[in-house]
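Below is one structure, written out as structure tokens, with a few remarks after it.
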Amino acid sequence: MAQTHQSRCRWNRDAVETRVFGVLRWLVIAVLVLVTAFPLYYMVMLSLRSLDQVVLRPGVLWPAEFDVSTYVSVLTSVADGGQGFLVFLRNSFVIAVLTVAATLLAAIPGAYAISRLRFAGRRQVSALFLAVYLFPAILLAVPLFVFFARIGLRGSLVGLLIVYVAQTVPISIYMLRNYFETVPVSLEESAAIDGCSRFQIIRWISMPLALPALMSTALYVFMIAWNEFLFALLFLAEDRDRWTVSLGLSQLAGSIEIPTTVLMAGSVLLTLPIIGIFFLAERMLVEGLTSGAEKG
Amino acid sequence: MSTVSYDGVSRTYPGNDRPAVDRLDLQIDDGECVVLVGPSGCGKSTSLRMLAGLEDVDAGTITIGDRDVTHLAPKDRDIAMVFQNYALYPHMSVADNIGFALKVAGVGKAERMRRVREAATMLDLQELLDRKPRALSGGQRQRVAMGRAIVREPQVFLMDEPLSNLDAKLRVSTRSQIAALQRRLGITTIYVTHDQVEAMTMGDRVAVLNGGVLQQVDIPRQLYDKPANVFVAGFVGSPAMNLIRVPVVPDGVRLGDHVVPLDRATFARIDHNPEVILGIRPESCRTTPQDGPELHVRVELVEELGADAYLYGTAALGSDRHTDIVARIDPRCAPVTNAMVRLTVDSTQVHVFSASSGQRLSS
């Protein structure tokens, strides 16, 4: 009875929802893809055309001929008449890698301590970590700038490195702590009985099991350090040799004689490494490493 | 291989008034297997974890051999432990899991592999050495956990309910394997379980705990035949011993219309108390008429187990007093529900406990 009733009634709630959402889903996906991917696509296309073509017909979406000369000029050093992005890339890369290394070095034991050790004020400490982000960066920027200038770290990559590490350690500890807490305590107890000291437990048990979290944290920190602009501007603006990519790009954008194609090529160069690293790391961001540890 | 001794060991968890383990005294001989058994929350796991160094000791000392290990780190105690959940390292192969302790101890690769193979052969794990734990069944994981313990040749084995995650059939076979392995290796073993059948079958001696207090330590037979108090009497044996509060009369105790005679030593220990607790094992009751005190029982349920049957009923103890009673009966002449039967109690097999302290009074 119920079935015949349902098949007769073609416009029941379930059928309507299935159809409406079926259409709506693709619509939403299409809009989102367009909104996010189109600027990137246009940026890449602009960077691959010659300047006069761009000036003549800016709206062309698929150029008749590709021109990589812009990239060559962006990458050649200033001495040879280019923009010297190779140096910026190197600076950004060095800073980002060092930031990741230093941050993880501090965040791994820190996160472990908060997740596993019992000490007075443990909860307060972990709440304080996030309190750092209550302050807008600009609020910290000025005092830090003055302070670093006084102790002679202005204009040095080391000063910038310290700021980046200080900014990324709290969020890294927060991310890692949550993951460390998912590692079963009995695994660590087992390792302790097997003869491990606390540091050996971290090295042999906690870290391998937290690898996905370590990778995503590292990636996140790398992105922050790579893209960061405000502090780079404050600390490094004077000396072109020390510019990072994002700083270089904005400095160039500020000057009128720089063609759009060069800016676009610079933007592509700023974006590509992040995308590349993400795809390389993606396979390591797997979940479920701890399955099988305990009775499933 | 070593002796283990607990001397007045106590542990109170922060925020609790009552100690989880209260002044535990327990001596374990070299090569002996002692089972700690008791209901959940009785402190058996805490006792084991204190020996492992995973739990702080608030008072007393623990020694392994002649070393005081009370405040040593787990890694310095030379013990191996099998966890209830196995706690296998999920990112390592079976071989690496078994060999991990040796690797940490700095044993060379060739020697390590030799010993891992040896342990794997003992546990029938040779085929699985390259697998990861998640690709193993529950029983295989359990064997890997065992392998991880035996490869070390430690002073003491600790086992924390190692069988409770296996299904019933596998549990029985693994139980005998572990017992055989323990005897072959001759390593001092402390085994924690809440299952009294495991306790009775695995242990050279069994220690019964309740509420953090050690009740009795003895060989399984003694534990069953001469339980030291009401708790042990009720805990050991399945179905449990019938414990009935009965009045004391001049030459014994009154059970229903009859008097159960007591020997003089027991009587002396009753010390003018008006009441005692009488313990009767289900197998000490007979449905066939025999000499001895009788109980009139209304049958409520008969559990047929094949070889045995258990009768659950209500026995009249006088004008208006009744008590629940369980008796083992012959399954071929089991009564029907609501029938009235006469149970004869074997008066030589009864246990007498103090009604006030619960301690054993009969010898």
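The values are calculated or read from the model by the stated rules, or taken from the named source; none is laboratory data. Please read all numbers here as calculations on a predicted model, not as lab measurements. Cβ: placed from backbone, ideal geometry, glycine included. Neighbour counts: every protein chain shown.
Give me the residue from the range A:176-194 that is surrounded by fewer than 19 Cβ atoms within 10 Å (Cβ to Cβ) and not in a loop (DSSP other than H, G, I, E, B) and, out of that set, nearest to the other protein chains (Cβ to nearest Cβ).
Result: A:185.
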So residue A:252, is it under 25 Å from residue B:97 (Cβ atoms), surrounded by 16 or more Cβ atoms within 10 Å (Cβ to Cβ), aliphatic (A, V, I, L, M) and modelled with pLDDT under 85 = no
Return the residue satisfying two criteria in turn: it lies in the range B:74-86 and is of a type outside the set (Val, Ile, Thr) and more than 7 Å from chain A (Cβ to nearest Cβ), and of such residues it is nearest to the chain's Cα centre (by Cα).
-> B:84
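Might you let me know whether the range B:131-152 holds any residue that is of a type outside the set (Lys, Arg), within 12 Å of chain A (Cβ to nearest Cβ), part of a loop (DSSP other than H, G, I, E, B) and within 24 Å of residue B:45 (Cα to Cα)?
Start the filter on the range B:131-152 by keeping residues that are of a type outside the set (Lys, Arg), which leaves B:133, B:135-140, B:142, B:144-147, B:149-151.
Right, trim to within 12 Å of chain A (Cβ to nearest Cβ) and you get B:133, B:135-140, B:142, B:144-145, B:149, B:151.
Still in the list and also part of a loop (DSSP other than H, G, I, E, B): B:136-137, B:151.
Remaining after also requiring within 24 Å of residue B:45 (Cα to Cα): B:151.
Checking the range B:131-152: at least one residue is of a type outside the set (Lys, Arg), within 12 Å of chain A (Cβ to nearest Cβ), part of a loop (DSSP other than H, G, I, E, B) and within 24 Å of residue B:45 (Cα to Cα).
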Mind checking which pairs have a first residue in the range A:235-264 that is under 20 Å from residue A:79 (Cβ atoms) and a second that is among the basic types (Lys, Arg), Cβ under 7 Å, 6 or more apart or different chains?
-> A:236/A:242
Residues of the range B:198-220 being β-branched (Val, Ile, Thr) and surrounded by 22 or more Cβ atoms within 10 Å (Cβ to Cβ), in sequence order, are B:206, B:208
Of (1) farther than 30 Å from residue B:97 by Cβ; (2) within 14 Å of chain B (Cβ to nearest Cβ), residue A:161 fails just (2)
Filter result (surrounded by fewer than 11 Cβ atoms within 10 Å (Cβ to Cβ), among the small types (Gly, Ala, Ser) and more than 24 Å from the chain's Cα centre (by Cα)) within the range B:325-363 | B:356
Flag if residue B:95 is within 13 Å of another protein chain (Cβ to nearest Cβ), more than 22 Å from residue B:164 (Cβ to Cβ) and more than 28 Å from the chain's Cα centre (by Cα) = no
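Out of all the residues in the range B:32-73, which are of a type in the set (A, V, I, L, M), within 11 Å of another protein chain (Cβ to nearest Cβ) and touching a residue at least 40 places away in the same chain (Cβ under 8 Å)?
The answer is B:51, B:52.
Conditions tested, residue by residue: (1) out of contact with any Lys or Arg (no Cβ under 9 Å at 6 or more places or on another chain); (2) of a type in the set (A, V, I, L, M); (3) under 15 Å from residue B:344 (Cα atoms); (4) surrounded by fewer than 21 Cβ atoms within 10 Å (Cβ to Cβ).
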{"site": "B:234", "(1), (2), (3), (4)": "yes, no, no, yes"}
{"site": "B:237", "(1), (2), (3), (4)": "no, no, no, yes"}
{"site": "B:247", "(1), (2), (3), (4)": "no, no, no, yes"}
{"site": "B:271", "(1), (2), (3), (4)": "yes, no, no, yes"}
{"site": "B:274", "(1), (2), (3), (4)": "yes, no, no, yes"}
{"site": "B:278", "(1), (2), (3), (4)": "no, yes, yes, no"}
{"site": "B:281", "(1), (2), (3), (4)": "no, no, yes, no"}
{"site": "B:314", "(1), (2), (3), (4)": "no, no, yes, yes"}
{"site": "B:317", "(1), (2), (3), (4)": "no, yes, yes, yes"}
Residue B:89 passes all but one of (1) closer than 30 Å to residue B:132 by Cβ; (2) more than 10 Å from every other protein chain (Cβ to nearest Cβ); (3) touching a residue at least 12 places away in the same chain (Cβ under 8 Å); which number fails?
-> (2)
Within the range A:220-248, the count of residues that are part of a helix (DSSP H, G or I), hydrophobic (A, V, I, L, M, F, W, C) and crowded, with 19+ Cβ neighbours inside 10 Å comes to 11
Do any helices (runs of 4 or more DSSP H) entirely within the range B:41-128 hold 1 or more residues that are among the basic types (Lys, Arg) and under 22 Å from residue A:202 (Cβ atoms), and if so, which?
-> B:44-52, B:94-104
Top-ranked residue in the range A:209-221 [being touching a helix residue (DSSP H, G or I) at 6+ places or on another chain (Cβ under 9 Å) and within 11 Å of chain B (Cβ to nearest Cβ); ranked as farthest from residue B:88 (Cα to Cα)] = A:210
Any pair with Cβ under 7 angstrom, 6 or more apart, that starts in the range B:271-289 at a residue that is touching a residue at least 24 places away in the same chain (Cβ under 8 Å) and ends at one that is buried (at least 21 other Cβ atoms within 10 Å of the Cβ) and of a type in the set (Asp, Glu) = none
Reported set for the range B:74-86 where residues are free of Cβ contacts under 8 Å to residues at least 40 places away in the same chain and surrounded by fewer than 21 Cβ atoms within 10 Å (Cβ to Cβ) is B:76
Across the range A:146-175, the tally of residues that are over 24 Å from the mean Cα position of the chain (by Cα) and in a helix (DSSP H, G or I) stands at 5
Test result for residue A:23, without any contact (Cβ under 8 Å) to a residue 12 or more places away in the chain and over 29 Å from residue A:266 (Cβ atoms) = yes
Kindly indicate whether residue B:292 is over 22 Å from residue B:239 (Cα atoms), in contact (Cβ under 8 Å) with a residue 60 or more places away in the chain and over 32 Å from the mean Cα position of the chain (by Cα).
-> no
Scan the range A:156-173 for residues that are touching a residue at least 60 places away in the same chain (Cβ under 8 Å) and more than 17 Å from residue A:233 (Cβ to Cβ) and jot them down.
-> A:165, A:168, A:169, A:172, A:173
